[in-house]
1. Looking at region 241-261, is at least one residue loosely packed, with under 13 Cβ neighbours inside 10 Å, within 30 Å of Pro197 (Cα to Cα) and without any contact (Cβ under 8 Å) to a residue 40 or more places away in the chain?
2. Restricting to region 196-220, name every residue that is part of a loop (DSSP other than H, G, I, E, B), closer than 21 Å to Gly289 by Cβ and either in contact with a Pro (Cβ under 9 Å, 6 or more places away or on another chain) or not assigned by TED's automatic domain parsing to the domain that holds Val61 (or both).
3. Just to verify a result, which residue in region 31-51, among those that are in a helix (DSSP H, G or I) and in contact (Cβ under 8 Å) with a residue 40 or more places away in the chain, is farthest from Ser265 (Cα to Cα)?
4. Taking the residues in region 262-302 that are over 22 Å from the mean Cα position of the chain (by Cα), in a loop (DSSP other than H, G, I, E, B) and among the hydroxyl-bearing types (Ser, Thr, Tyr) as candidates, determine which candidate is nearest to Ile195 (Cα to Cα).
5. Taking into account only those residues within region 219-234 that are crowded, with 19+ Cβ neighbours inside 10 Å and among the hydrophobic types (A, V, I, L, M, F, W, C), which is nearest to the chain's Cα centre (by Cα)?
6. Residues being within 17 Å of Glu252 (Cα to Cα) and exposed (fewer than 12 other Cβ atoms within 10 Å of the Cβ): count how many of those fall in region 283-307.
Amino acid sequence: MASQDWFEKDFYAILGVPADADAAAIKKAYRKLARTLHPDQNPGDEAAEKRFKEIGEAYAVLSDPEERKQYDAIRSMSHGGPRFTAGGPGGGGAGFEDLFGNLFGQGGNVRFSTGGRTRGAEPDLEDILGGMFGGGGGAGGFRGQPGFGSRFGAPAGPRPGTDVTARTTLGFRQAVEGDTITLSTGDGGRITTRIPPGVKDGQQIRLRGKGSPGDQGAPAGDLLLTVHVQPHPVFGRDGDNLTVELPVTFAEAALGATVAVPTLSGETVKVRIAPGTPSGRVLRVKGRGVKRKDHHGDLLAKVSVVVPQKLSDEARRAVEALREEDAGHDPRAELFERARRD
């Protein structure tokens, strides 16, 4: 997302939280909306899909302390805070939005900066101005023209382009299965690239030659793309394995059963619950995880025994009979024995 979009979008309103909401409240609000608006829950609903992407963008910024700090600072400028102007002929001035709009272009879903700054670093005014006017370590001057840097012994010859950093947000399924995406660049151009299957949240992908152009005869820089992955309301990641919580009834766990398990592709698979299966046991479904060229991950279904909230009279008598049958057995005896050990 280009940073000038932050003037126009109220991420707090999108998530329905106050501007002073803590991280837990923001996460809770996002998860609640994600469950309701997820495309799997609203097939064919373009409005829901658009809202799902909006809350994903909002959460990606507000869940990152550094991103949120920068967002709050920029938003404060658009609501009467400090503004920067550059005087010109006739007294006209360019506002902060115009300045950064020209730097970063309009629209898009990525945020660019030059020089390969790592995530979390504070902006450096010299770096910003150097990027604006062709500087960088004293090399200075506009590209292709003799600049002030030449007075300080800048090396002659064509200069290679600088690396450019960008960020984009992907849906959970996009990240697992891979996808082709299009990014908007700061000069109004577009870059289409393939995201490989299995990209992880926070992973950085280097796109060779997609950065700033170099002088004639010199190579372009690279684009360093950092990917943020939206969480899924049902599935999680454990390396190349996908994870899912699998609710089963007490009877299924005690007596054994064959139950259906959802997969990310939308299909269902059957797994066998062995008699006496406890909560927390993990059942492995081969080949239903992240699919790479050299191997496939698995789907790990963690059993969660559901305790009934209400019992009929007949069911209660059956449970009471089971309790009587199990009288004398203390499932916590070993726990207390181990607790007494040094």
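1. Taking every residue of region 241-261 in turn, at least one turns out to be loosely packed, with under 13 Cβ neighbours inside 10 Å, within 30 Å of Pro197 (Cα to Cα) and without any contact (Cβ under 8 Å) to a residue 40 or more places away in the chain.
2. Within region 196-220, the first condition is being part of a loop (DSSP other than H, G, I, E, B), and the residues that meet it are 196-203, 208-220.
Checking which are closer than 21 Å to Gly289 by Cβ leaves us with 196-203.
Matches in region 196-220: Asp201 only.
3. That would be Arg31.
4. The qualifying residue nearest to Ile195 (Cα to Cα) is Ser279.
5. First pass over region 219-234, keeping only residues crowded, with 19+ Cβ neighbours inside 10 Å: 221-225, 227-230, 232.
Right, trim to among the hydrophobic types (A, V, I, L, M, F, W, C) and you get 223-225, 227, 229.
Values: Leu223: 19, Leu224: 16, Leu225: 13, Val227: 6, Val229: 3 Å.
Residue satisfying both the conditions and the ranking: Val229.
6. Quick first cut of region 283-307, residues within 17 Å of Glu252 (Cα to Cα) only: 283, 301-307.
Among the residues that remain, those that are also exposed (fewer than 12 other Cβ atoms within 10 Å of the Cβ) are: 307.
Result for region 283-307: 1.
Let's see how each residue does on (1) touching a His at 6+ places or on another chain (Cβ under 8 Å); (2) β-branched (Val, Ile, Thr):
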{"site": "Thr165", "(1), (2)": "no, yes"}
{"site": "Thr169", "(1), (2)": "yes, yes"}
{"site": "Ala175", "(1), (2)": "no, no"}
{"site": "Thr193", "(1), (2)": "no, yes"}
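The values are calculated or read from the model by the stated rules, or taken from the named source; none is laboratory data. As the structure is a computational prediction, the values presented were derived from the model and not from experiment. In this analysis, Cβ positions are derived from the backbone assuming ideal geometry, glycine residues included, and neighbour counts consider all displayed protein chains.
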